[in-house]
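The values are calculated or read from the model by the stated rules, or taken from the named source; none is laboratory data. Please read all numbers here as calculations on a predicted model, not as lab measurements. Note: ideal-geometry Cβ built from the backbone for every residue, glycine included; neighbour counts use all protein chains shown. For the accessible areas, the whole protein counts, side chains as well, though only heavy atoms, and no ligand, DNA or RNA atoms are used. Shrake-Rupley method; radii C 1.70, N 1.55, O 1.52, S 1.80 Å.
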Amino acid sequence: MMSFVGEFFGYLAGICTAVVFLPQAIKTIRSQDVKSLSFLSYLIYCIGMISWICYGIYLHSVQMIIFNSLSLIFTAPILYLIIRNKK
């Protein structure tokens, strides 16, 4: 029973942290407005997600790999738009 509870909270946390950037990604991609977004924040976040994915691979943690990959999928396009539109 306790294993199920732990797994439940692991998946819940993963889903929440993965989809938190989805509304921002949708809004930014639609509007192409990145003036108020911080390049450094998104860069550090993406580096962090890549690091978590690598750590998840090292630990063989499917949850860590999946949910951090989703987070990266939602934030990397924003980082790309910031870089593209700041030039």
Dipole in debye (nearest 20) - the chain, about Cα centre, beta carbon charges: Lys, Arg +1; Asp, Glu -1: 520
Per-selection Kirkwood Rh - the chain (Cα, Å, 1 d.p.): 13.9
Under the span-like rule (Cα at least 24 Å along the axis, Kyte-Doolittle mean at least 0.0), DSSP H helices of the chain: 2-19, 39-59, 62-86
Listed residues 61, 69, 36, most fluctuating in the chain (Gaussian network, C-alpha, under 10 Å): 36
Heavy-atom accessible area order for 58, 80, 45, 11, largest first, 1.4 Å probe: 58, 80, 11, 45
CD proxy at 222 nm, helix term only [per DSSP H run n ≥ 4: -39500 (n - 2.57); per residue of the chain; nearest 500]: -29000 deg cm²/dmol
Cβ-Cβ FRET estimate between residue 16 and residue 36, R0 fixed at 25 Å, reported to 0.05: 0.55
